[in-house]
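One structure below.
The values are calculated or read from the model by the stated rules, or taken from the named source; none is laboratory data. Values in this document were obtained by computation on a predicted structure and should not be read as measured data. Using ideal geometry, Cβ is built from the backbone for each residue, glycine included, and neighbour counts are taken over all protein chains shown. Remember, those area values only see protein heavy atoms, side chains included, never the ligands or the DNA or RNA. Shrake-Rupley method; radii C 1.70, N 1.55, O 1.52, S 1.80 Å.
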Amino acid sequence: MLINLTDINKFYNGNQVLKNINLTIDESDKIGLVGVNGCGKSTLIKIITGKTDPDRFTERDGIVSKASKTTIGYLEQMGGLDSESTVIDEMKKVFSDIDNAIATMREIEIEMSKGNNSRNDEYHRLSSWVESNDGYNTDVKIKMILNGMGFTENELGRTVSGFSGGEKTRLAIAKLLLEEPNILILDEPTNHLDFKTIMWLEDYLKSYKGAVLVVSHDRFFLDRVCTSICEIERGVLTRYKGNYSAFTRLKEEAVARQEKEYELQQKEIAKMEDYVAKNLVRASTSKSAKSRIKALDKMERIEKPVTYTKSAKIRFTYPVEPPIDVLSVKNIDISVGEGNGRKTLLDEISFSVRRGDKVGIIGDNGIGKSTLLKIIQEKIPHKGLVRWNSNIRISYFEQESTNLNKALTVMEELHHRYPSMTELEIRNILAQVRLTGENVFKETGVISGGERAKLCFAIMMLEHGNVLILDEPTNHLDLSSKDSIEQALEEYTGTIIFVSHDRYLLSKIATRIIELKADGYEIYENNFAKYLDILRQRQDEEKRKADAEKLEKAQLAMREKSAVSYKSKQQRSAEAERRKQIKALESEIDTLQNQLDELNLEITKPEIFSDYETMNQKCSEIDRIKNLIDEKFDLLVELDI
């Protein structure tokens, strides 16, 4: 046990945010913390980290117990970095105690070389401490973490202030991972990360030796990393075993079970109350009626469950079926700016879209994804050809909602677009996307990003487009609202072209992937799961090549050394033994690689991918084999030097 919370309560302005929360975090827990915005997630984290105290009513409640060895690393949305430091210097601050110890050892070595051995004991103590903390490999750790977080060797000397906000967040994560606390608390860690970096972070956290508590709206990340999900709902924390997919299933089952138990108890209560009403005044049955009154008083009442409903009921329909060939794009460019300042991001892009296609467009920030959506709608100038077929009706969701009039209220926005609709009809369509009450009379410029997105979905429902073009549709939405839009897009039979960083949405909706890259673009004629498989295979191939190059250099150095060295009989015998060990290791690596290839193939199968327990087992086995291969390669390199 690292941390134990007992009956945690917290009030703000008379409202109880947290109610009798109990939570234990053990050494290897990987916990996802979820809940609607404002449910108390941030408050709970502040209590765990000691930034705020719970409200206490007795000596037995509001207790936060921590093991003596517990160290907590907390990544907020913007981590604390020294803006004047270089990247490498900022990372080295993590190991300042080790650097100081090594510097002291060097001083003692100089004294010892002069015959002064008075500090021998101090030297041995420091040496043991540095070795036990792996202090001689800090540079390797730094470069490994920074490389995984997407920073190149050339960026190590750059000043932190010169990086963007997203890059600073990545640096903060890297620094926190280097600190290796035994509890990592991460708040939306996948924001500003590309797919490759997210995948590296997922693999790193899955094998992390300490506990991880993560707040995230990235359901794919929660599926890959977490072994349990804690949901805060109406101030109460409930813990579910398994990843996010398991949580959604278990919660639905729990709600259904609670509803059934509540209904059975209500029937029993009604039956007992009816008996009391009919028999209390009768002398012959008064005694038994009173006993039922006592039983009713003692009965532990089951609370009426709040029925789990999705945050919105979204449904996209269209009256006119388009032709088979919907869109043809030939040799267009993605360019930004005007005149002499115009810059071409990508050139010569061609693709086609057929009826019923669901095309996911992915790529790094700033690569031109949103611009591409505007180009295919002829909203901005471009070269090349964009040709839509006849009977096409486009409905467009813009990421920044600039198509809304900020001066109009939510009601006025819809009435302005559809003046023939009555107020009741407008209120009904807004209620379907869960825009109700006073919110419908607020100006669109002051409502939240999530509420603006829901208003845009309401407009799209009224447009009845047979082609949906969506730019980051799940941004600003809570988890239940994301589930709603996903269900609507899954059920939609028309054509979808969408840009998204949401891997869960991509995995559910996309049937084709177009990836925009700095050196061009690539089209994957399959779904997102297959795209990830290809990406992992390429990463594994890059690693194999790097290992092979490393091994080749070591072998070359060995051959050069042996060319000028005379070998005694003992040396030749040792050399034969070494070659034997190398051959055995190479054979073991080949066997492990074959096992790894088989497992990577297995996890692409639908029956494995949809079974979270089996999927977790397979992924754990993949991680274990990868680690074994790395260990074997390290031994191989050592033998070849």
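Is it true that some residue in region 103-114 is within 27 Å of Thr71 (Cβ to Cβ) and open to solvent by 60 Å² or more (accessible area, probe 1.4 Å)? No; the residues of region 103-114 include none that is within 27 Å of Thr71 (Cβ to Cβ) and open to solvent by 60 Å² or more (accessible area, probe 1.4 Å).
Across region 168-187, a minimum of one residue is classified as open to solvent by less than 10 Å² (accessible area, probe 1.4 Å), in contact with a Phe, Trp or Tyr (Cβ under 6 Å, 6 or more places away or on another chain) and within 30 Å of Gly40 (Cα to Cα). Assess whether Glu155 counts as being surrounded by fewer than 23 Cβ atoms within 10 Å (Cβ to Cβ), in contact (Cβ under 8 Å) with a residue 60 or more places away in the chain and touching a Phe, Trp or Tyr at 6+ places or on another chain (Cβ under 9 Å). Yes, satisfied. Which members of region 469-486 meet the condition of being more than 22 Å from Lys374 (Cβ to Cβ) and surrounded by fewer than 20 Cβ atoms within 10 Å (Cβ to Cβ)? Asp478, Ser480, Asp483 - these are the residues of region 469-486 that are more than 22 Å from Lys374 (Cβ to Cβ) and surrounded by fewer than 20 Cβ atoms within 10 Å (Cβ to Cβ). You will find that of Gln555, Gln570, Gln537, the residue that is open to solvent by 100 Å² or more (accessible area, probe 1.4 Å), of a type in the set (S, T, N, Q) and either at pLDDT 75 or above or under 26 Å from Phe195 (Cβ atoms) (or both) is Gln537 and no other.
What do you reckon, is Leu33 closer than 30 Å to Leu193 by Cα, modelled with pLDDT of 95 or more and within 25 Å of the chain's Cα centre (by Cα)?
Yes.
How many residues, within region 509-528, are in contact (Cβ under 8 Å) with a residue 40 or more places away in the chain and either of a type in the set (Asp, Glu) or open to solvent by less than 10 Å² (accessible area, probe 1.4 Å) (or both)? Residues that pass the stated criteria total 7.
The residue of region 494-520 that is nearest to Arg315 (Cα to Cα), among those that are touching a Gly at 6+ places or on another chain (Cβ under 8 Å), of a type outside the set (Val, Ile, Thr) and part of a strand (DSSP E or B), is Phe498. Within region 487-508, the set of residues being surrounded by fewer than 21 Cβ atoms within 10 Å (Cβ to Cβ) and either in contact with a Pro (Cβ under 7 Å, 6 or more places away or on another chain) or of a type in the set (D, E, K, R) (or both) comprises Glu490, Glu491, Lys508. Please work out if Glu252 is within 32 Å of the chain's Cα centre (by Cα), loosely packed, with under 13 Cβ neighbours inside 10 Å and of a type in the set (Asp, Glu). In short, yes. Annotation note: of Thr24, Thr58, Thr49, Thr43, the sole residue that is over 22 Å from Pro189 (Cα atoms) and within 25 Å of the chain's Cα centre (by Cα) is Thr24.
Please find, among Ile185, Ile173, the residue that is of a type outside the set (Lys, Arg), assigned to a helix (DSSP H, G or I) and in contact with a strand residue (DSSP E or B) (Cβ under 8 Å, 6 or more places away or on another chain).
Ile173
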